[in-house]
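Below is one structure, written out as structure tokens; comments come after it.
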Amino acid sequence: MFLHSQAELAIASRFKAISESLYAAANAAYRAAGADIDAHWFPVLRYLHVKGPATVTEIAAEIGQTHPAVSQLAAKLRKSGWLTRRADKTDARRGMLELTAEAERKLDRLGPVWCAIRRGARAAALRGRGSLLDALTGFEHDIASGRLAADIARERDRVLGAAIEVHPFRDEWAPHFDRINTEWLERWFVVESVDRETLSNPKKHIIDRGGSILFAVLDGEVIGTCALIKEAPGVYELSKMAVETGFRGLGAGRRLLEATIAEFERLGGTTLFLESSKRLGPALRLYESAGFVHHAAPRPGSHYARADVYMVYEPQKKAVRAPSRAKEPALRVVERG
């Protein structure tokens, strides 16, 4: 190719061409998954999906794009039904962008595709050897030959065909416990001091005190967590249950909940409770279906400022679960060893 002969003079041009090729590869993966997202929209949509409502100025600063570029894209996404705009409750002069309910639903199921794109791009990058120019040449070859697209397709099939496994705590997974929980807390509430203390050292504050932490793992990717915190002899709190953004809708939350209840029973617990918020409707319905019953809130001695829901596990009142029409990945619980 001509640009190759221009060596270092053409680095920026080659990066730009690679960027567009990667967008095209990502879009092909989206189309194969039946998703109507455009890869160029990813930074804005992903930011709002993870961080929640924000202004154009805030988004532009965080994703490294200009204010006009983000503003123009936001207008397009509003017109196509991905975003809405509302006044900031603290300053009516500021407009806040947020995802529509339909956009939330679509993005909640893109985790396997994003995982496949990341793995494919990583494999192509790792195959590069020698100088930056050599690595660029190898990356370009992978794109042009279709190898990158094939890698992404293969990884997507692998992730979607894998079983969701539930594993007990591992020291090397402690950062995932922090990361996944911090993400949803920052999205919906704030990280309170009691959260920060627990998340920063879960082994000390949960495991060593007689509790348990379980992880949902999909083809080697930690996608969810749930903790069983020992409050007193026989009394446990179900806490810190969260599924990573993009991997919702696969059944990981229910599998974690069921596995945590089984762990509570294995430990010989007598009382299992949880605290939550009325803002988390889908989570509350999941708890109800598993046998958690609402009690007067807040719980006496509650640690959380955000808690306005108090539920206690009463299995005799467990709701009958309606059969799911969607095919869910199989569940495999990995025993302690």
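Remark: pairs (first residue in region 77-100, among the aromatic types (F, W, Y); second residue surrounded by 14 or more Cβ atoms within 10 Å (Cβ to Cβ); Cβ separation under 6 Å; 6+ apart in sequence or on different chains) = W82/A103.
Return yes or no: is A150 over 22 Å from G34 (Cα atoms) and not hydroxyl-bearing (S, T, Y)? Here the answer is no, as A150 does not meet what is asked.
Please tell me if L110 is within 30 Å of I261 (Cβ to Cβ) and among the aliphatic types (A, V, I, L, M). Here the answer is yes, as L110 does meet what is asked.
Here A74, A69, A87 are screened, and the one residue that is closer than 23 Å to F189 by Cβ and of a type in the set (G, A, S) is A87. Among the residues of region 189-227, those identified as surrounded by 14 or more Cβ atoms within 10 Å (Cβ to Cβ), closer than 18 Å to R255 by Cα and among the small types (G, A, S) are S212, A216, G224, A227. For beta carbons closer than 7 Å, sequence separation of 6+ or different chains, a first residue in region 251-262 that is among the aliphatic types (A, V, I, L, M) and a second that is in a helix (DSSP H, G or I), the qualifying pairs are L257/L286; L257/A290; I261/A290. Annotation: G64 fulfils all but one of (1) out of contact with any helix residue (DSSP H, G or I) (no Cβ under 6 Å at 6 or more places or on another chain); (2) surrounded by 14 or more Cβ atoms within 10 Å (Cβ to Cβ); (3) farther than 28 Å from L250 by Cβ; the unmet one is (2). Scan region 48-62 and tell me whether some residue there is small (G, A, S) and within 18 Å of L107 (Cβ to Cβ). So far as region 48-62 goes, yes, one or more of its residues are small (G, A, S) and within 18 Å of L107 (Cβ to Cβ). The set of residues in region 259-277 being of a type in the set (A, V, I, L, M, F, W, C) and not in a loop (DSSP other than H, G, I, E, B) consists of A259, I261, A262, F264, L272, F273, L274.
Selection of first residues in region 298-309 that are free of Cβ contacts under 8 Å to residues at least 60 places away in the same chain and of second residues that are polar (S, T, N, Q) and surrounded by 14 or more Cβ atoms within 10 Å (Cβ to Cβ), restricted to Cβ pairs under 7 Å at least 6 apart or on distinct chains, gives the following pairs, ordered by first then second residue: A307/S276; A307/S277; D308/S277; V309/S276; V309/S277. Taking region 111-215 and the helices (runs of 4 or more DSSP H) fully enclosed by it, the elements with 1 or more residues that are among the polar types (S, T, N, Q), at negative phi and not assigned by TED's automatic domain parsing to the domain that holds G34 are at 174-188, 193-200. Considering region 67-108, the residues that are over 27 Å from G224 (Cβ atoms) and among the acidic types (D, E) include one that is surrounded by the fewest Cβ atoms within 10 Å (Cβ to Cβ), namely D91.
The values are calculated or read from the model by the stated rules, or taken from the named source; none is laboratory data. Worth saying up front: this structure is predicted, and the values here are computed from it rather than measured. Positions of Cβ are generated from backbone atoms using ideal geometry, with glycine treated the same way; all protein chains shown enter the neighbour counts.
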